[in-house]
Structure formats: structure tokens, C-alpha cells
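Just below is one structure, and these are the notes that go with it.
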Amino acid sequence: MKLQENENLEKNQKEQKKSKRKMKFNKKIILYIMIILVVIYLIYTIYLLIKQPTDIFTLEEGTLYSEETDIGYVIRDEVVVQGENYKNGMEKIKSEGEKVAVNEAVFRYYTKNEESLKEKIADLDAKIQEAMSNETGLLTSDMKSLETQIDQKLLEISTMTDTTKLEEYKKEINELITKKANIAGDLSPQGSYLKELIQERKNYENELNSGAEYINSTKSGVVSYKVDGLEDVLKPTDECFSTLSKGYLENLDLKTGKIIPTSDECGKIIDNTYCYIATISNTDEAKNATVGKKVKVRLPSGSEVSAEITYILQEDSGDRVLILKINKGVEELINYRKISFDLIWWSENGLKVPNQAIVKENDLAYVVRNRAGYLSKILVKIKKEGEKYSIVESYDTDELKELGFSNEEIISYKKISLYDEVILNPDLSKIE
């Protein structure tokens, strides 16, 4: 009997252990299921967060461009000015980019003995200054005024860093010193030491000036010393334009963006009111372009200027040589002959909408607007359509009448506006 009781007790204990293990297993299963459900929920939530921005688009002001990056050859109305003594070296009277009138001095060539003459004049200036300080009764009001001007110029030149202005100030100081010496010479008695020094200086100055060759401008414009030898090759004439084939331009063997070197033998005068850019293109826009078409050019600096196609040459290969005329930004291109630039065929500003949000129905374009979950079918006018986006706006009353809308439809017409939300890939059949 006792043995039977022991067996029953052991059996009950085993069943209890088995039941506990089963309960633990069930709890684990429930826990795993809950974890899986939470993970699924999180994944779905993340999916909605990612998906939402691509399903709804907020309208903002934007610009669409149709543009291409091309290589351009700069053609200018420019005239090279050069004299006979170009081997002597030159002194610039007009600086780079400075405006000049017809027959105005641009630069001059040095005389053969210029350095020697300048040294002699400098020595004489020192002697004249010393002689003047020893003379009494020569300090007139004119000389005092000249001394004040000289002191002022010397004060300004001590803090100057612009080399062009520095040279100008040095010339002005020398001119003031010469005027002061001439006044002193006129006041000095005949045969005096000071008068002899001043006369000797005048003789050297006359010799210096008589031997110099001054080069004057042959036209009005801006001065440049960037001379590359193509001034008479790339000229803004019909004769030149007709020869500008793709092969001709490429055979010039120019480097894009290279700055034209400064010449120390000659200069040139450039008409800065306009210039041309010759470029080669085979895009669809270029193939369909016509003379007189207005475009825009984005220069290397990033500035955009208006341009007009004035000449087109058709190549057998299908390429087209386009000659663009610009009236602004000419000075920016003086340093270059070959540039990289952006040719902007058209641009349009307005409300920017993804093409995915536009649905066309009976030759009319619609978007679906979402306002607090309420969806509306909105008729829009496409101003310009690009590859991925379009610029749209609302129709006005007259335009709606031309489209055949009734007065009731026009009154109830809903307009699209800034910051409206539109649905991508909408189904119009489900919209009222």
C-alpha cells in the first residue's frame, strides 16, 4: 500500500513539472509573437514615414531650365596698336581696362638712352633741391602751395598698395617738383648756379621726350595689353563668321580658360559694348534654333547675361556652329579667348510640380490637392514642362471661357496656390 502511494506521488510530481515546462514554453511563444508583432508595426510605421513624402508634394516657387554646358570662342571688335620702337620696351599711359578716346595716348616706347637720361635728371633734381634750399627770397605763395601738394602726395603714397596708382602719384610728384624748380629758376638771377641746373634739366627732358614714341588710340573703347595674335583672325564680320567651322575652331589649338598673356610690345583697343561667342552644339535645341532667337549665357563668373543667336552654320556631321551676341559682361571676357559657359535655352519661374502629380484628361491638365485629408481635383495650366518637373499656374477667367467652361464652373473653379499639397500618381476616377 505504501509503495502504491509513493508511485502516485512521483507521478503527480512529474505531471506538475511537465505542466510548468509547458506553461513556460507557452509564455515564450506568446512573448515571441508579441515581439514579432511589435517589429512588424515598427517596420510598417517606418515604411509610412518614408513613403509619405513621395506620395505628397508641397508646391513651392521654382525655376526650370533647359541648358547645356559648351565651349565658346570669344570674338571681339578690337584693334591692335603698335609703333616702330616696340623693341625698346614700353610705358603704359592707360592701364588695363581703362577707357580711352580716339587719338588719346595709350602708351609710349622708351628712347634708347632713357635709363641714362633718367639717372642724369634724378641727379640734377637732387642738386636743384639743395641749391633751392640755399637760395633766399625764392619761397613765393605758388611754391608754398606746390610744397604742400608734394607733402600731401608723399603722405598718401606711403600707404598705397595699388601699383597702377603708385606710378601715377610718382608722376604727379615729379611734375610738381618740376613746376617748383621752374618757378625758382625764373626767380633766380641770370647766370646763377640754380638757373644753370634747371636749364640743364630741361635739356635732358627735351631729349627724353623727343626720342620717345607715343602710341595713340585709333578708336574709342577700353585698353587691353592681352594680345594673342587672333585679333585679326576672330573678327565680328560676316566673312569671318562664314569660315568658323568646327574644324577651324578646334585647329586654333586653344586651351579652355587660359588667360591671354600680357604683351610688353603692343596693346589693343576693344569695343566693350558687345562681343560674340562662337560655340558648337548638336543638341535638339541647337538643331531647332533659328537666327534671332533670344537665349541666356551663364559666364564663367556665374553671372547670367542675355544673348541672341546672330549666325548659324550647319556642319555635315549634324553639329551646328552658333554665333551668340552679348551686350553685357564684355569686360569679364577680355582676359580669355576660349571659355566654358552654360547656354540657357529657356527658363521659367512659378509653382514647381513633379510631372508625377499631373494627370492629363481631354487635353487638360489636373493635379489632386490634399487639404487636411480632403482631396480636390484642380485644373492647372502648364507654363513649361521639363523632364521631371513642370511650372504651373491657375487659369484666369478669360482663359476658362475660351476653354468652354460655364459661368457656374468658372465661379466654382478652385485655384492652385503656394504651399498646397498635391498627390503623386493620383487616380482621378476616385476623386469627386
Scanning region 371-417 for residues that are of a type outside the set (A, V, I, L, M), free of Cβ contacts under 8 Å to residues at least 24 places away in the same chain, in a loop (DSSP other than H, G, I, E, B) and over 28 Å from Ser347 (Cβ atoms) gives Gly373, Gly404, Phe405, Ser406, Ser412
Of the conditions (1) farther than 16 Å from Asp125 by Cβ; (2) modelled with pLDDT under 75; (3) outside any loop (DSSP other than H, G, I, E, B), the single one that Leu176 does not satisfy is (1)
Asn355: passes all of (1) in contact with a Lys or Arg (Cβ under 9 Å, 6 or more places away or on another chain); (2) buried (at least 16 other Cβ atoms within 10 Å of the Cβ); (3) not hydroxyl-bearing (Ser, Thr, Tyr) but (2)
Note on Asn327: of the conditions (1) in the same structural domain as Val291 (by TED's automatic domain parsing); (2) touching a residue at least 60 places away in the same chain (Cβ under 8 Å), unmet is (2)
Practice problem: Would you confirm whether any residue within region 70-82 is outside any strand (DSSP E or B) and farther than 30 Å from Ala286 by Cβ? | Solution: yes
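Residues in region 202-215: is at least one part of a helix (DSSP H, G or I), acidic (Asp, Glu) and either surrounded by 19 or more Cβ atoms within 10 Å (Cβ to Cβ) or touching a strand residue (DSSP E or B) at 6+ places or on another chain (Cβ under 8 Å) (or both)?
Taking every residue of region 202-215 in turn, none turns out to be part of a helix (DSSP H, G or I), acidic (Asp, Glu) and either surrounded by 19 or more Cβ atoms within 10 Å (Cβ to Cβ) or touching a strand residue (DSSP E or B) at 6+ places or on another chain (Cβ under 8 Å) (or both).
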Kindly indicate whether Lys296 is out of contact with any Phe, Trp or Tyr (no Cβ under 6 Å at 6 or more places or on another chain), charged (D, E, K, R) and farther than 24 Å from Ile260 by Cα.
yes
Inside region 314-370, the number of residues satisfying the requirement of being of a type in the set (Asp, Glu) and part of a strand (DSSP E or B) is 3
Of (1) crowded, with 18+ Cβ neighbours inside 10 Å; (2) at pLDDT below 90, Ile277 fails just (2)
Check: Scanning for something in a helix (DSSP H, G or I), within 20 Å of Glu91 (Cα to Cα) and modelled with pLDDT of 75 or more, does region 122-130 turn up at least one residue?
Finding: yes
Scanning region 295-312 residue by residue, those at pLDDT 95 or above and over 17 Å from Tyr274 (Cα atoms) turn out to be Ile312
Of the conditions (1) loosely packed, with under 13 Cβ neighbours inside 10 Å; (2) at pLDDT below 95; (3) not basic (Lys, Arg), the single one that Gly292 does not satisfy is (2)
Of the residues in region 336-352 that are at pLDDT below 95 and surrounded by fewer than 16 Cβ atoms within 10 Å (Cβ to Cβ), the one that is farthest from Thr283 (Cα to Cα) is Asn349
In region 281-297, residues that are outside any strand (DSSP E or B), under 24 Å from the mean Cα position of the chain (by Cα) and hydroxyl-bearing (Ser, Thr, Tyr) total 1
State yes or no: is Ser263 of a type in the set (Gly, Ala, Ser) and closer than 29 Å to Lys94 by Cβ? yes
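The values are calculated or read from the model by the stated rules, or taken from the named source; none is laboratory data. Please read these numbers as outputs of a predicted model, since none were measured by experiment. Positions of Cβ are generated from backbone atoms using ideal geometry, with glycine treated the same way; all protein chains shown enter the neighbour counts.
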